[in-house]
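Asker: Handing you a structure now.
The values are calculated or read from the model by the stated rules, or taken from the named source; none is laboratory data. The structure presented is a predicted model; accordingly, all values stated were derived computationally and were not measured. All Cβ positions, glycine included, derive from the backbone under ideal geometry; neighbour counts span all protein chains shown. Side chains are part of the model used for accessible areas, which takes the heavy atoms of the whole protein and leaves out ligands, DNA and RNA. Shrake-Rupley method; radii C 1.70, N 1.55, O 1.52, S 1.80 Å.
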Amino acid sequence: MSRDEHALQRYAAHVERYLDRGLSDGWPVIPPSGDAVRAMLAATGRRGDETLGEFAYRSSPVRVQDVAANAVMAGCLPRDMRVVLTALEILIEPGFGTSGWGASTNSFVPWLVVNGPIRHDIELRSRGPVFGPGRRANATIGRAIRLSLMNLAGESIARRDCGTMGSPYAFTCCFGEDEEDDPDWAPLHTELGYEQRESTLLVVVTRHPRQLVHTMSHAPEHFLRAIADDLGTLGTLTEPISRPIDGHDRPATQALVVLGRQHRRNLRDAGWTKSDVRKFLHRTTRRRRDGILAYRSPQDFLVVAAGGDGPTSLSATAFRCTIAPIPRGPISNAVPPSGTDFIAADGLPGMPLVRDRLVAMTSRVGDLPSIGGLGIEQITSTALEAGCIPEHLPVVVAALHAAHDPRIGLDTFAGEEDLFPIVIVNGPIGRHLGLNSGRGAFGPGTRSNASIGRAIALALGHARRTHGLGSPYHYSSGVVAEAEELSPWPPLHTELGFDAGQSTVTLLLCAQSRQTTNIATVDAEGILRTLADDMSSPQNYDSLGGSFEHPTMFLVALCDDFRRYLGAGGWSRERVQQFLAETVGRTAGDIRSCGYRVDTQLDDADFVPLTRPNGFLVAAIGGSGGHSLTARVLRHSTEVVDDGTIHSPTSAATL
C-alpha cells in the first residue's frame, strides 16, 4: 500500500471518529488540526482564548478558537470566519433566546442573510439557487452555525434539540441579498439603518419555510396574495411567537419574505416598491382566530431580494431577528492545510475515496447494471464521498432506481420550480440501519438519514439545474423511515401494494413542503382541519408549467402526538383520507383571486377539492409535539430492497 493510501486511511479514520462521537450533523467533517484552526483565527485578528460568552444549560464558556474549530469542520475557508463569528456573537446573546428556541418542538431554523461588499469577497451566492448546493460559502457558513449549535450549545437530537419533525433548512441556510439586480430597491440593511457600503449580517430564526411557485400570472397582487395566504394559515398562527428586530416583545409575529428574480421583475414592471409589497402583505394576511393581527405593521415583513430567474419565492414566520455589522478587515485567501481535497460537488466536505472502503461498498451490492447512465463504481464512490457505510448502499441504489422510473420523469428535477425528492424507507432495513423515524427525522443529526440522502442528492446532481431558489432537500433528499411500530395503521408500503415484511424505498417527487402546528387541541377533527387548511394553499392549483391535472397528491407525515390522538379516537387511515378529501380545497373565487385558473363554469362560491381520498399518502413520521409535515407530491415510485440485495425494479403505480 502506498504512502498516500496510508495517509488517506488515517484521514478517513479520523473523520469516522468525529461521526462516531456525535460531533457532526451526519455528514463528513474536516478534522480541525491546529494549523487549520490557526489559519481561521488569523483571519479574525482575535485571540483564540477570547471568550464570547456562554449558552444557557452549558457550563463552559465559548471561545473564539471553539468557533474556529467548528468552522474548519464545516468546510469553511478563513475568509468566511468574520461572518461565522458575527453569527455566533448574535446567537450567544442571552436575549436572543437560543437555548429556548433551539430546544423547541417547532424545529426552528436560523437563517443568515448577508448584505454589503463582503458578499463578493467571500463569493457568497445571492442570485440563482441560493438555498441549494453548489456554492461553498453558502453551504459551509450555514453548516458552521449548525455544528456550533450542536457542539457548543448542546442543540442536537441526542441532547436538547426536541424538534418534532426537523427541517432540511437546519443543515445550512446562508445567503446574500441580491442588491445589484434593481438599484431602485433598497437593500435590507439600508432599511434597517446601515449604509450600503457596510457589510451586515441578519440572523432570523423562523419556522420551516414555505416556497411559493407561481407560474400562471405576472400580476403582483396575485402571487403576493398567495404568499399572504401561506403566512396566515391556521398552522402558522396558533401562537404569537416573535421578538421583532428592535428587541422589544410584541404579541405579533414577523415574516421573512424572499422574493425570487422573476417575481421581483414582475413587481418592478408594475411599479411596485418594497414598501408597496410590505403594505399589501400586511393588509391581506389573515388575522388570528382571537382577532389580533398576525402582523402588526408593514415593517414586520422583512422583504429580501435573492434567487434565480424562476417563478419562485419563499416565506416563513419569524421568532427572533437581529442585525449586526460584520467587522472590517483584510480578506484572507489562505486555505486550511488539511481536507481541502475532499470538498464534494455540493460544496461540503466529503469522505476520502479510500480503496479498501470502495471495495467494501461495491461488494455489498455486487455487479449491477448502470442506473440512468451511472455505473456501480460511480455510485459507490459517490456514496462513500457522502459519508455512507457499505450497509447504506442498497437503499441508495433502490432510491436511484426509483428516481429513474420513467413515471417519475427525472428531467422534471431540472427547471424553475425547485422540485425535490423525499424518500421514505419501510420494512426491516430501516430498523437495521437505525434510520430516524421520530424526533428531528427531516433534519441534521442522524448519520444514516443524512449520508444516504446526500448520496442520492449527489448522484442526481446532474439532473437538477434549477433556476429558482434551490432547496436544502437537494443536499439531503429528505430521507426518513416510517415509525411502523408506533403507528395505529398498517405501514405505508402495504398501502402501496407491498408486503409488510418487505423492505422498500418510496421516492416522492415533491413541489412544496410545509410544517403545520397545532398545539391548541387534542381533538382529531381540529388537528385535521389545521392540516387541511395548510394543504389548501392556492399555490397547489398552480400549473407547474402547464402540466397540472386534478387530482394531485399529498404526503401527510403525522407526528407521534397526532397519531395517538387519531388512534385513540378510532380514526382509521381511510377515515383520515376521506376527511381530508372533503376539506382540502378552496372556493373558485379564492383560487381566482390569486391568479390561478379554474373551470369557468364554476361560481366563485363553489368548492374545488384538490384530490381524492387515495391522493393522501398518510405516514407515521416524527416525534412528540404538535407539528406535522405535508408536501405536494407530483409523482412517486417504490422499489424493493431485500436483505441488502436489490431485486429487479418493481414500481408501485402512481395515482
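Asker: Taking only C-alpha pairs under 8 Å that are 6+ residues apart, what is the relative contact order of region 9-72 in percent?
Answerer: 27 percent
Asker: Compute the FRET efficiency between Ser33 and Lys279 as 1/(1 + (r/R0)^6), taking r as their Cβ-Cβ distance and R0 = 51 Å, and round to the nearest 0.05.
Answerer: 0.45
Asker: Sequence-distant or interchain residues sharing an amide H contact under 5 Å with Thr587, placed H: which?
Answerer: When sequence neighbours closer than 5 places are left aside, the close amide H contacts are Val608.
Asker: Could you please state how large a percent of the accessible area of the chain is carbon and sulfur, counting protein chains only and using a 1.4 Å probe?
Answerer: Answer for the chain is 48 percent, counting heavy atoms of protein chains only.
Asker: Once you have the Cα-Cα distance between Glu195 and Gln9, take 0.36 nm times their residue separation minus that, and quote the gain in nm to one decimal.
Answerer: So the chain would gain 62.0 nm between Glu195 and Gln9.
Asker: Can you pull a Stokes-Einstein diffusion coefficient for the chain at 37 °C (0.692 mPa s), Rh from Kirkwood over Cα pairs, as a whole number of µm²/s?
Answerer: The calculation lands on 132 µm²/s.
Asker: Might you tell me the accessible area per residue for region 100-194, computed with a 1.4 Å probe and given in Å²?
Answerer: 25 Å²
Asker: Go ahead and run the numbers for FRET between Asp603 and Ala219, Cβ-Cβ distance against an R0 of 30 Å, rounding to 0.05.
Answerer: Efficiency, rounded to the nearest 0.05: 0.85.
Asker: Please compute the modelled spin-label separation between Asp182 and Leu486, points set 7 Å along Cα→Cβ, answer in nm with one decimal.
Answerer: Using points 7 Å along Cα→Cβ, the separation is 4.5 nm.
Asker: Evaluate E = 1/(1 + (r/R0)^6) for Gln299 and Glu123, where r is the Cβ-Cβ distance and R0 equals 45 Å; express this FRET efficiency to the nearest 0.05.
Answerer: Calculated value: 0.90.
Asker: What is the spin-label model distance, in nm, from Gln378 to Glu16 if the labels are put 7 Å beyond Cα along the C-beta direction?
Answerer: Taking the simple label geometry, Gln378 and Glu16 are separated by 2.8 nm.
Asker: Counting only C-alpha contacts under 8 Å and six or more residues apart, can you give the relative contact order of the chain as a whole percent?
Answerer: 17 percent
Asker: Calculate, for region 426-512, the solvent-accessible area per residue in square angstrom, rolling a 1.4 angstrom probe over the heavy atoms of the protein chains.
Answerer: Per-residue accessible area for region 426-512 comes out at 27 Å².
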